[in-house]
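Student: My structure is below; once you've seen it, I'll send some questions.
The values are calculated or read from the model by the stated rules, or taken from the named source; none is laboratory data. Just so you know, these numbers come straight off a predicted model, no measurement behind them. In this analysis, Cβ positions are derived from the backbone assuming ideal geometry, glycine residues included, and neighbour counts consider all displayed protein chains.
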Amino acid sequence: MSMQIDLYKSLFQKHFENPSLKNNIKNAVELVKDSKRILFIGNGGSNAICSHMMEDYMKIASIPTLSFSDPALITCFANDYGYENALKEWIGFSYQNGDLLFAISSSGESTNILNGVKKHKELGGKVITLSGFKAENSLSKQGAVNFLVDEENYGIVECFHQVILHAILDEL
């Protein structure tokens, strides 16, 4: 009998063997070192990853961080600006020169994430993307460094995004 854990094992192994992974992690580490502060954005499970990483990067790497994860703030911005513009507006209010943005989207097609990335780049900020599902998703080429987990399984994509973010943090 095959178990889901076997699927995780084989797919994680496939992504660990991707030659660009180590290079992307190295490049991401340099961007993090060059940043003054890190912003994290994501929806749903990706937003939970943002909250977790915001805490770890601040506590372990001593880097100031922010995450758009407070429910009152999210609903306020969604109500006032529309959900598709909530992150864009939050970034507009929050951005400081030297900020690095981690944008996480399992599908790579979330309009609010794409609008937030666009705003951050317009303000002069650098972006690291983590996306999944399809290789040519809209987010997958938007960053200075782009991590793509081309699997159509939320569990695989979300878990591997956390592995990547922890690997970057561990290198710091």
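Rundown of residues vs (1) under 18 Å from LEU66 (Cα atoms); (2) modelled with pLDDT of 95 or more, yes/no style:
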{"residue": "GLN96", "(1), (2)": "yes, yes"}
{"residue": "GLU122", "(1), (2)": "no, yes"}
{"residue": "GLY125", "(1), (2)": "yes, yes"}
{"residue": "GLU136", "(1), (2)": "no, no"}
{"residue": "LEU139", "(1), (2)": "no, yes"}
{"residue": "GLN142", "(1), (2)": "no, yes"}
{"residue": "ASN146", "(1), (2)": "no, yes"}
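Student: Just the residues that are surrounded by fewer than 20 Cβ atoms within 10 Å (Cβ to Cβ) and either of a type in the set (Val, Ile, Thr) or under 14 Å from SER46 (Cβ atoms) (or both), please, taken from the range 137-155.
Tutor: Residues satisfying the conditions are TYR154, GLY155.
Student: Whether any residue in the range 102-115 is in contact with a strand residue (DSSP E or B) (Cβ under 8 Å, 6 or more places away or on another chain), assigned to a strand (DSSP E or B) and aromatic (Phe, Trp, Tyr) is what I want to check.
Tutor: Yes, the range 102-115 contains at least one residue that is in contact with a strand residue (DSSP E or B) (Cβ under 8 Å, 6 or more places away or on another chain), assigned to a strand (DSSP E or B) and aromatic (Phe, Trp, Tyr).
Student: Could you grab the pairs with beta carbons closer than 7 Å, sequence gap of 6+ or different chains, first residue in the range 96-117 and touching a residue at least 60 places away in the same chain (Cβ under 8 Å) and over 16 Å from LEU148 (Cα atoms), second one of a type in the set (D, E, K, R) and part of a strand (DSSP E or B)?
Tutor: Close Cβ pairs satisfying both conditions: GLN96/ARG37; GLY98/ARG37; ASP99/ARG37; LEU100/LYS126.
Student: Something else now. Can you tell me which of (1) on the phi > 0 side of the Ramachandran plot; (2) in contact with an Asp or Glu (Cβ under 7 Å, 6 or more places away or on another chain) is the one VAL157 doesn't meet?
Tutor: (1)
Student: Now for a different question. Look at ASN137 and say whether it is polar (S, T, N, Q), farther than 15 Å from ASN24 by Cα and out of contact with any helix residue (DSSP H, G or I) (no Cβ under 9 Å at 6 or more places or on another chain). Write out each step before concluding.
Tutor: Working: polar (S, T, N, Q): yes; farther than 15 Å from ASN24 by Cα: yes; out of contact with any helix residue (DSSP H, G or I) (no Cβ under 9 Å at 6 or more places or on another chain): yes.
Yes: the conditions hold for ASN137.
Student: Being within 14 Å of the chain's Cα centre (by Cα) and either aliphatic (A, V, I, L, M) or not in a loop (DSSP other than H, G, I, E, B) (or both): is that true of TYR57 here?
Tutor: In short, yes.
Student: Being assigned to a helix (DSSP H, G or I) and surrounded by 14 or more Cβ atoms within 10 Å (Cβ to Cβ) is the filter here; which residues of the range 15-28 pass it?
Tutor: Looking only at the range 15-28, we keep the residues that are assigned to a helix (DSSP H, G or I), and these are 15-16, 19-28.
If the condition is that a residue be assigned to a helix (DSSP H, G or I) and surrounded by 14 or more Cβ atoms within 10 Å (Cβ to Cβ), then HIS15, LEU21, ASN24, ILE25, ASN27, ALA28 are the ones that fit.
Student: I'm trying to understand the selection: among the residues of the range 29-66, which are of a type in the set (Gly, Ala, Ser) and either out of contact with any Leu (no Cβ under 7 Å at 6 or more places or on another chain) or surrounded by fewer than 16 Cβ atoms within 10 Å (Cβ to Cβ) (or both)?
Tutor: GLY42, GLY44, GLY45, SER46, ALA48, SER51, SER62 - these are the residues of the range 29-66 that are of a type in the set (Gly, Ala, Ser) and either out of contact with any Leu (no Cβ under 7 Å at 6 or more places or on another chain) or surrounded by fewer than 16 Cβ atoms within 10 Å (Cβ to Cβ) (or both).
Student: Look at GLY42 and say whether it is touching a Cys at 6+ places or on another chain (Cβ under 7 Å), among the small types (Gly, Ala, Ser) and under 26 Å from LYS119 (Cα atoms).
Tutor: On the way: touching a Cys at 6+ places or on another chain (Cβ under 7 Å): yes; among the small types (Gly, Ala, Ser): yes; under 26 Å from LYS119 (Cα atoms): yes.
Criteria met by GLY42.
Student: Condition check: modelled with pLDDT of 95 or more, part of a helix (DSSP H, G or I) and either within 20 Å of SER138 (Cα to Cα) or over 16 Å from the mean Cα position of the chain (by Cα) (or both). Does ALA86 satisfy that?
Tutor: yes
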